[in-house]
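Student: A single structure is presented below for examination.
The values are calculated or read from the model by the stated rules, or taken from the named source; none is laboratory data. Values in this document were obtained by computation on a predicted structure and should not be read as measured data. We place every Cβ from the backbone using ideal geometry, glycine too, and count neighbours over all the protein chains shown. Please note that ligands, DNA and RNA were not included when accessible areas were found on the heavy atoms of the full protein model with its side chains. Shrake-Rupley method; radii C 1.70, N 1.55, O 1.52, S 1.80 Å.
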Amino acid sequence: LALAATKPDAQKDPVAPATSPTNPETVTDPEPIQVDRDKADVDGDGKLDEIRVVSSEEPDAVLPDFQVVVELSATRETVKFPAGQLSDLMLGATVNLDGRPGEEILAALEPQSVDLHRAVPLVLSLHDGELVSILADKTVTSDVSDGTRTHWWVHDGQLWWWRSKDPVAEGEQSPYAVDVLRFPRAAVLRGVSYGTRCVTSLAATELLPCGD
């Protein structure tokens, strides 16, 4: 049954805007704040798409609510990934990691350092018109606050990651042992052990054999 659109009754009073009992001003939803932005070919059509990180603060929330928003240049369609309530989220890189057309979005969750590669990585990919997380390894996606250090980077079209075997002090100059994972190209990224190597704080991606 089709319903015809009706015009508002001119004799009726307009609905008053919602107001707060303690504030006579109109109550409106908070406008999202743009935190970070970049451009990349996310859908694989050869055109750059707009990538934004936005946050919004709800009245009763302890932390802001973050989203990664992509506007596809070809269709003007907007796709979103709700990252949840975080202290911060920053874009880290865009690169093809799964072998399909289009680039994946790498972001850093709650970075505690100016080096975003030391934060927990978030890897997003466009699958069937939706922006989804494709990093399935809980070892990598869990933030462990035990003093150990982590680092992620991209090499030869693959995601790499390590965690130090022991806590590492800030400013440490000596080599320290790390357990390394690499993530072969796939629709879902799963870590494969690369063994134990040694790195230094100044050369975090230079994987060297550990001495005796």
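Student: Provide Thr75, Thr205 ordered by accessible surface of protein heavy atoms (probe 1.4 Å), highest first. Don't skip to the end; give the middle numbers.
Tutor: On the way: Thr75 90, Thr205 70 Å².
Reading off the accessible areas and sorting them downward yields Thr75, Thr205.
Student: Taking Cα pairs under 8 Å and at least six residues apart, what relative contact order does region 93-212 come out at, in percent? Intermediate values should be presented prior to the final figure.
Tutor: On the way: 243 pairs, mean separation 22.6, N = 120.
This gives 19 percent for region 93-212.
Student: Quick one: how many Å² of Arg197 are accessible to a 1.4 Å probe, rounded to 10?
Tutor: 70 Å²
Student: Relative to the Cα centre, what is the charge dipole magnitude of the chain, using +1 at the beta carbon of each Lys and Arg, -1 at the beta carbon of each Asp and Glu, and rounding to the nearest 20 debye?
Tutor: Details: 18 positive and 36 negative charges, 116 e Å.
That gives the chain a dipole magnitude of about 560 debye.
Student: Another question, if that's okay. Could you give the size of the charge dipole of region 159-212 about its Cα centre, using +1 on the Cβ of each K and R and -1 on the Cβ of each D and E, expressed in debye and rounded to the nearest 20? Numbers along the way, then the final one.
Tutor: Working: 6 positive and 6 negative charges, 89 e Å.
In debye, rounded to 20, region 159-212 gives about 420.
Student: Right, another one. Could you tally the net charge around Leu122, taking each other residue with its Cβ under 11 Å from the Cβ of Leu122, Lys/Arg +1 and Asp/Glu -1? Walk me through the numbers on the way to the answer.
Tutor: Details: positive: none; negative: Glu104, Glu110.
Charge balance in the 11 Å sphere: -2.
Student: Could you work out the Rg to Rh ratio of region 104-212, with Rh taken as the Kirkwood radius (inverse of the mean 1/r over all Cα pairs)? Display every interim value, and only then the final one.
Tutor: Working: Rg = 14.2 Å, Rh = 14.6 Å.
Ratio of gyration radius to Kirkwood radius: 0.98.
Student: Can you show me the helix-derived [θ] at 222 nm for the chain, built from DSSP H runs with n ≥ 4 at -39,500 (n - 2.57) apiece and divided by the number of residues, rounded to the nearest 500.
Tutor: Working: 1 runs with 4 residues, N = 212.
Computed mean residue ellipticity for the chain: -500 deg cm²/dmol.
Student: Take the Cβ-Cβ distance between Thr75 and Val132 as r, set R0 to 30 Å, and report the resulting FRET efficiency rounded to the nearest 0.05.
Tutor: It comes out at approximately 0.95.
Student: Same structure again: Tell me, what % of the accessible area of the chain is carbon and sulfur with a 1.4 angstrom probe? Each step should come with its number before you reach the end.
Tutor: Numbers: 6510 of 13010 Å².
Heavy-atom surface of the chain belonging to carbon and sulfur, 1.4 Å probe: 50 percent.
Student: Taking only protein heavy atoms into account and a 1.4 Å probe, give the accessible area per residue of region 105-212 in Å².
Tutor: Numbers: 5700 Å² over 108 residues.
So region 105-212 comes to 53 Å² accessible per residue, rounded to a whole number.
Student: Go through Thr78, Thr200 and list them by solvent-accessible area, largest first, probe radius 1.4 Å.
Tutor: Details: Thr78 70, Thr200 40 Å².
Most to least solvent-accessible, the answer reads Thr78, Thr200.
Student: Which three extents, in whole angstrom, do the alpha-carbon atoms of region 82-164 cover along their principal axes, largest first?
Tutor: 38, 31, 23
Student: Of Ser193, Ser174, which has the most accessible area with a 1.4 Å probe, and how do the rest follow in descending order? Walk me through the intermediate numbers first.
Tutor: Numbers: Ser193 90, Ser174 65 Å².
Ranked from most to least accessible, the order is Ser193, Ser174.
Student: In percent, what relative contact order does the chain have, based on Cα pairs under 8 Å that are 6 or more apart in sequence? Working shown, then result.
Tutor: Working: 438 pairs, mean separation 22.9, N = 212.
It rounds to 11 percent for the chain.
Student: Then there's this: To the nearest µm²/s, what D does Stokes-Einstein give for the chain at 10 °C and 1.306 mPa s, using the Kirkwood radius over alpha carbon pairs as Rh?
Tutor: Values: Rh = 20.0 Å.
Diffusion coefficient, whole number: 79 µm²/s.
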